[in-house]
Every structure is written in structure tokens, then in C-alpha cells.
Amino acid sequence: MNKKVTALALFSGGLDSILACRVMQARNINVRAVQFVTPFFHYDLPGRKGYVDYIKSKYDISVIVRDISESYLPMLKNPAHGYGKHFNPCIDCKILMVREAKKMMAQFGASFIISGEVTGQRPMSQRKDTMRIIERDSETEGILFRPLCAASTLQAGRGAFDDIINFDQLPDFSGRSRKGQLKLAAEMGITDFPNPGGGCMLADPALGRRIRNVFASKPDVTVNDISFLLVGRQFLLPGGGWLAVGRNQKENNQVEALYRSGDYLLNMKDRPGPAALLRYCTDDYDLNLAGGIVARYAKKVNNQAAVGMVTAKKNDTNFEFAVDPFAGDITRWQR
């Protein structure tokens, strides 16, 4: 090969995506990786200092982090290929990420896209037929290459890849077993990597159900709404108000950071307690109920929940009100 070409890699941070990048690098391909972020996976990466440098130093992979939340939510509301067992639109998710990667190819001078997919590893998005669908619907036929299962997934002939990839001894993994990947990792000196796992909240039974219910009740849900409903204790109050109550200082900080115009930000005035955010509140009943829930989780007085003063902020208005701690069956409001 006379000219070193560039591949743009879909990077998840897991072993398969690491191996896909390294396999290409070993064949004199310049690899640039992109790790996509949504509220449902890798959501903490933009704020994680040193992450890009860490991946470079540990795996010799140059990665950028790209947030695709704004384009992800419309897809999630109505995925063309449906959902998995829970609220996970795995096929459409992959199509969206490949499309986004295709848009970035010119930026990095990339000739093709690679991913760490392995035939048969995941039941919905990594079957041979769905892999073809992903290529077709993302309009990447001929430029999407899966180096860990190349022999199984390339269509008749090697097409455009003939001139830029040395196919000798490429791996051809399949199925759910990871023995081949682990052996290859050891051969490449990769000994420390994340444990396998879906990592997507949409595939979690409880969180997937919560997110599905929110989409069903509020079709114009925003990215901020999604971040809101994934933090703290969650309550759907009888008047339609959404309440998030921090469980520790980290969540208190997250709750406060999500405050926006129209929300109520609630805190205890007279003793330590959680920060809480009340959204879409339209009546005083929900506001007082939210205050009672905050008081219930505040520091106890003589080992008992006690009456307290709650401070509230809404837009440019600050006020306070006395509440009794909610003493009933709190599970009826939880979601």
C-alpha cells in the first residue's frame, strides 16, 4: 500500500471496539475513533476530564466524543425497526450512529467506517440480516467494514476494501463467546479493558419502562427532561408534576444543574436535606406534596421525620413554606 488511508471507527470503549481499531492499525490504516453520547449511554463522558488522553495513552487510539442527543430523541419516539425487549431501538440506534459517522468522514479524510460488531453477538442488531439493513438504511454499503467478522459480513467479493486492506489472517469471530476476542487481546498486549455489558439504559427493564412511560405521556420530551428523569428518586405527582429528589450530594448537584425556567427548586431551610426539582407543576397540591416528600427525606429530629421549612425558587421568585413530612404510602407516586 503506497498511501496510508484513514478509517473512522465507531468506538464504544469496550473490548470489541478497541480490537477493531487495533486490528486496522496493525494493517497500516490510520484510525480516528468517535464515541457518540446520548442521555442513555456514555452521558458522563463530556464532563470527564482526561478521558480522551486516557484512551490514547492506554490503547493508542485517538478518539473524539460527539453528542448526538438532539437527533437521537426523534428516532427514539418512532424507530423504523421497532424496539427490543424493552425500550431499546438497537437497529435504528446503530443506523443513526453510522449515518452520523458518515457525515464526519470528510472532516477526517476517512475512506471508510469501521465498527467492532461481531456476527451473532447481540440478538437484535448483530445478525447478518440486520447488519445488511444497517448498511442499506445508513447508505454506507461499500464503506462500512466490520474487521472482527469480515469474512462473514462482506458481501460477494471485497469491493472497495480490496485495495486498502490486507485481508490475510483477519479474525472472523461470531456468536456470544468472547474467547477469540480475549485471545486476540492478549496477543496484542491489551490486558485491561471494561467488562462486557449493554451499557444502555434503554435496555434496562426498570429504566426502559420509566422512559417509555414518559414518552407516552409527554411526546415533546426534551434532552433536559431525559436527564431529569434519570437522576435521584423519581415521583409522578397526581397533578402531573414531575419530582426528582437527590439521594446524595452528587445527585443534589445534578438536580440543581438541571433547573430551568418554570421549575421549582426545593431545599430544606432549617436542617440538612435533599435538593429537589419539581417540573410541570400546575397546582399548589403538587407543590405542597413535593415539599412534604423533601421533608420526609430530610435529616430526622429525634429519629423522626419532622415539620420543616422548605425554600423554593421559581424563575426570579424565592419563597418558603412550612410542611409536614409526607407520612403516607410514598410508593404510589414513585415511577
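Since every read-out is calculated from the coordinates, none of them should be taken as a lab result. Here the structure is a predicted model, which means the values were calculated and not measured. Cβ: placed from backbone, ideal geometry, glycine included. Neighbour counts: every protein chain shown.
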_Sorted by Cβ neighbour density within 10 Å, fewest at the top, the residues 122, 271, 32_ = 271, 122, 32
*List 333, 242 from most exposed to least, where exposure is judged by having the fewest other Cβ atoms within 10 Å.*
333, 242
_Residue (of 74, 17, 252) at the positive-pole extreme of the chain, dipole from beta-carbon charges_ = 17
*Part-to-part distance (alpha-carbon centres) for the stretch 271-335 and the stretch 77-107, which is given in Å*: 40 Å
_C-alpha long axis of helix 284-297 to longest principal axis of the chain, angle in °_ = 80 degrees
*Mind listing the long-range amide H neighbours of residue 263? Cut-off is under 5 Å, sequence gap 5 or more, other chains count too, H placed in the peptide plane at 1.01 Å from N.*
315
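If you restrict to DSSP beta bridges whose two residues both lie in the chain, what percentage is antiparallel, to the nearest 5? Please report the intermediate quantities before stating the final value.
Values: 26 of 44 bridges.
Roughly 60 percent of the beta bridges in the chain run antiparallel, per DSSP.
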_Restraint check, 269/314; 58/183; 49/314; 250/299; 58/179; 94/128, Cα-Cα greater than 24 Å_ = 49/314
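Would you work out the relative contact order for the chain, in percent, from Cα pairs under 8 angstrom that are 6 or more residues apart? It would help to have the intermediate numbers written out before the result.
Numbers: 572 pairs, mean separation 45.0, N = 335.
With pairs under 8 Å counted, the relative contact order is 13 percent.
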*Would you work out if the stretch 6-187 is rounded, prolate or oblate? Take a ≥ b ≥ c from the square roots of the eigenvalues of the alpha-carbon gyration tensor; rounded if a/c is under 1.5, else prolate when a/b is larger than b/c, oblate otherwise.*
rounded
*Given that just one value was derived from the coordinates, which of [x] 28, 25, 18; [y] 47, 20, 17; [z] 43, 21, 18 is semi-axes √(5λ) of the Cα gyration tensor in Å?*
[y]
*If the viscosity is 0.692 mPa s and the temperature 37 °C, what translational diffusion coefficient in µm²/s does Stokes-Einstein give for the stretch 48-130 when Rh comes from Kirkwood over Cα pairs?*
220 µm²/s
*Once you charge only the Cβ atoms, +1 for Lys and Arg and -1 for Asp and Glu, what is the size of the charge dipole of the chain about its Cα centre, to the nearest 20 debye?*
620 debye
